[in-house]
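S.K.: Could you have a look at this structure, given as C-alpha cells, before my questions?
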C-alpha cells in the first residue's frame, strides 16, 4: 500500500476519488498524462486494495476504498505519537543540558575559575 501511495500521480488520483467515483477519462482530465498511463496507475492502486473498479455498461468507474487508508492512518498515528513523545523528552533533556552548560563552560574556559 505504501509503495502504491509513494507516487504523486497515484496520490492525485486518490484525491480525485475521495471526491467522487470516476472513470479513466474523468481522471485523465486534470492530469498531464495519457489514459493508458492513468490505467496503469489504477491497476497499481487496485492491487494495493486502495480502489475498486466496477463496470456499468461500457463505463468502468473507480471507487476509493477508505478502509485500507484508515488502517494506514491509524498505524501512522501510533508512531507519530511515539515520535512526538520522544522528541518532547529530547527537547526537555537538551534544555536541561543547555541550562547547565553556561556554568560549566565558564568554569572550563576561564582559567581564573580553576584557581
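S.K.: Ranking request for peptides 89-101, 16-28: highest mean number of other beta-carbon atoms within 10 Å first, then the rest in descending order.
M.R.: 16-28, 89-101
S.K.: For residue 95 and residue 52, calculate 0.36 nm times their separation in residues minus their Cα-Cα distance, and state this gained length in nm to one decimal.
M.R.: 10.4 nm
S.K.: If you don't mind, another one. Tell me, what is the FRET efficiency for residue 71 and residue 40 to the nearest 0.05, using R0 = 22 angstrom and their Cβ-Cβ distance as r?
M.R.: 0.35
S.K.: When only C-alpha pairs under 8 Å and at least 6 residues apart count, what is the relative contact order of the chain, in percent?
M.R.: Once normalised by length, the contact order is 20 percent.
S.K.: If you average 1/r over all unlike Cα pairs in the chain and invert the result, what Kirkwood radius do you get in angstrom?
M.R.: Computed over Cα pairs of the chain, the Kirkwood hydrodynamic radius comes out at 18.1 Å.
S.K.: Each label point is 7 Å from the Cα along the Cα-to-Cβ direction; what then is the distance between the points at residue 32 and residue 79, in nm?
M.R.: Inter-label distance under the simple model: 3.2 nm.
S.K.: What does the helix-only formula give at 222 nm for the chain: each DSSP H stretch with n ≥ 4 adding -39500 (n - 2.57), the total divided by the residues, and the result rounded to the nearest 500 deg cm²/dmol?
M.R.: -23000 deg cm²/dmol
S.K.: Still on this structure, please answer the following. Sorted by packing (mean other beta-carbon atoms within 10 Å per residue), highest first, where do 64-75, 35-46 land?
M.R.: Ranking the peptides 64-75, 35-46 by packing returns 35-46, 64-75.
Taken together, the values in this text are just the output of simple stated rules run on the coordinates, not laboratory data. The structure displayed is predicted, hence computed values, not measured ones. Don't worry about glycine lacking a Cβ; one is built from the backbone with ideal geometry, like all the others, and counts go over all protein chains shown.
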